[in-house]
1. Might you check whether a residue that is among the small types (Gly, Ala, Ser) and touching a strand residue (DSSP E or B) at 6+ places or on another chain (Cβ under 6 Å) occurs anywhere in the range 219-229?
2. Would you check which residues across the range 238-252 are outside any loop (DSSP other than H, G, I, E, B) and either open to solvent by 40 Å² or more (accessible area, probe 1.4 Å) or on the phi > 0 side of the Ramachandran plot (or both) and list them?
3. Quick test of your reading of the structure: Gly347 fulfils all but one of (1) touching a Pro at 6+ places or on another chain (Cβ under 9 Å); (2) within 30 Å of Glu392 (Cα to Cα); (3) among the small types (Gly, Ala, Ser). Name the failing condition by number.
4. Considering (1) closer than 20 Å to Arg420 by Cβ; (2) open to solvent by 50 Å² or more (accessible area, probe 1.4 Å), say which one Ser358 fails and leave the rest.
5. If the requirement is being touching a residue at least 40 places away in the same chain (Cβ under 8 Å) and open to solvent by 20 Å² or more (accessible area, probe 1.4 Å), which of these qualifies: Leu235, Leu223?
6. In the range 204-220, what residues are in a loop (DSSP other than H, G, I, E, B) and either open to solvent by 50 Å² or more (accessible area, probe 1.4 Å) or of a type in the set (A, V, I, L, M, F, W, C) (or both)?
7. Could you tell me whether the range 64-82 includes any residue that is in contact (Cβ under 8 Å) with a residue 12 or more places away in the chain, of a type in the set (Ser, Thr, Tyr) and farther than 18 Å from Pro18 by Cα?
8. Using beta carbons and a limit of 9 Å, which pairs, at least six apart or on different chains, have the first residue in the range 19-46 and farther than 20 Å from Ser269 by Cα and the second one assigned to a helix (DSSP H, G or I) and of a type in the set (Ser, Thr, Tyr)?
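The values are calculated or read from the model by the stated rules, or taken from the named source; none is laboratory data. Here the structure is a predicted model, which means the values were calculated and not measured. No Cβ is skipped: glycine too gets one built from the backbone with ideal geometry, and neighbour counts run over all protein chains shown. Note: areas computed on protein heavy atoms with side chains; ligands, DNA, RNA excluded. Shrake-Rupley method; radii C 1.70, N 1.55, O 1.52, S 1.80 Å.
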Amino acid sequence: MQILIFAGMETKLFFFNPTCEMAIANGQVSYMPPGHLSKFESDLATLPFFFGGGKDLILVSSIKGNSLDHLEQLGWKVPGLITRPEQLEPEAQGRIHFTPWGWSPAVYRVYRPFLSHTHPQWLHGPFKEWNSNLKELLSRGTGYRLLEIIRALSINDGSASSLLALPEAPLLIRSPEELEGVMKYLCPPAVIKTPWSASGRGLFRIRDERDDPANAQWVRGMLNRQGILYGESWLEKVQDVSFHFWVDEDRIEYLGHNFFQADPSGQFSGCVIGFPDNPSPLWNDRMRQTEALGQASRLLKMGLEAMGLNDQYRGPVGIDALFYKDAKNGELMLNPCVEVNMRYSMGLANVMLRSRVSPESSGLWKTEHFSRGTWRAFCREKTRLHPPVVQEGILRQGFLPLVSPDVEKQFGAWLLLEERNQK
């Protein structure tokens, strides 16, 4: 695949590092994720194609096994692949804008060989070098600060957030002594969260009185390593949803919402194309859901602007939220701010995917673990059963691997789509 750099234009250099929060907690530039997560990153290294075009690049460890040719054959414009700066054309000088999945001390080491090609605008941005302020900014603490702000905004205009439920501030746990007393203040079901974690990781469920976090070695270890933990009530989930924004120097833009799926432990498992089917009888009121989504997106945008986030950060912001059953009245409510992710995300990828699929189609895309030697066979069989139908670059139905189907992978990503009138 030929790499082109267009003179006079910024070229984003993407890098897939979804373990960025773990790297922040570790704090070392030499951080390496655990083996299975390192394999996850390498197998799905080309997923940032969602966010780039033909003038952009994705940094991968090897070109072999990461081809995006099957997507280009659909007429999709996708970034080129690169492994080292020597592969850049001379016109790349001063054009590269570093664009990792998420920032951490470790990602600077990855980009160091490309520094001489850096775009001047990036060199004047808030992430030109790592510091302790960035560490705090990218923690769960930012989400709790946003929650405080939108709670105050909602009080001033309650009618504009009538379908939203804003929880109280979390219980702060800063010492082993405070951990010992958690069960006096946190009634089950509840959850303990670490400051730096993502995709449902870094959580400890308190299902009943037997799940005392003071007796859990994992919780004690996390408190020792990360310095603080948060305790929250556990809500009766109906549907996960996330809201996505883009932060520039002078404005914050709302990009859209995304419905996603999580496994019983809370870890991300896939995104929904269209509106999700849901067995809960509370999910039947589409007007109530739509109004709640509108209230949340407006309130969150106001909150991000009130934080002055533009002065501290540039790039994507994803805010995980939760439709849940209210324990008091049994109605469907929306907690609009469960967690703030200041990085790229699978949810944002799903929002961007909408420009490449028909608005008349629905389905699901997933990341999944595959047994050794089964990924290619899975892709062949699914393609046989659900051949893709593409019109002028728009996918209308069928199965589509989102990473190369031509080499074996331990982790794969794929999309299955159908037109609604085909149901």
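1. Of the residues in the range 219-229, the ones among the small types (Gly, Ala, Ser) are 221, 227.
Subsequent filtering for residues that are touching a strand residue (DSSP E or B) at 6+ places or on another chain (Cβ under 6 Å) retains none.
Taking every residue of the range 219-229 in turn, none turns out to be among the small types (Gly, Ala, Ser) and touching a strand residue (DSSP E or B) at 6+ places or on another chain (Cβ under 6 Å).
2. Narrowing the range 238-252 to residues outside any loop (DSSP other than H, G, I, E, B): 238-247, 252.
Scanning the range 238-252 gives a single hit, Trp246.
3. Here Gly347 clears every test but (1).
4. Of the numbered conditions (1) closer than 20 Å to Arg420 by Cβ; (2) open to solvent by 50 Å² or more (accessible area, probe 1.4 Å), the odd one out for Ser358 is (2).
5. Just one listed residue meets the conditions, Leu235.
6. Filtering the range 204-220 down to residues in a loop (DSSP other than H, G, I, E, B) leaves 207-212, 216.
Listed by number, the residues that qualify are Arg207, Glu209, Arg210, Ala216.
7. Within the range 64-82, one or more residues are in contact (Cβ under 8 Å) with a residue 12 or more places away in the chain, of a type in the set (Ser, Thr, Tyr) and farther than 18 Å from Pro18 by Cα.
8. Val29/Tyr108; Met32/Ser38
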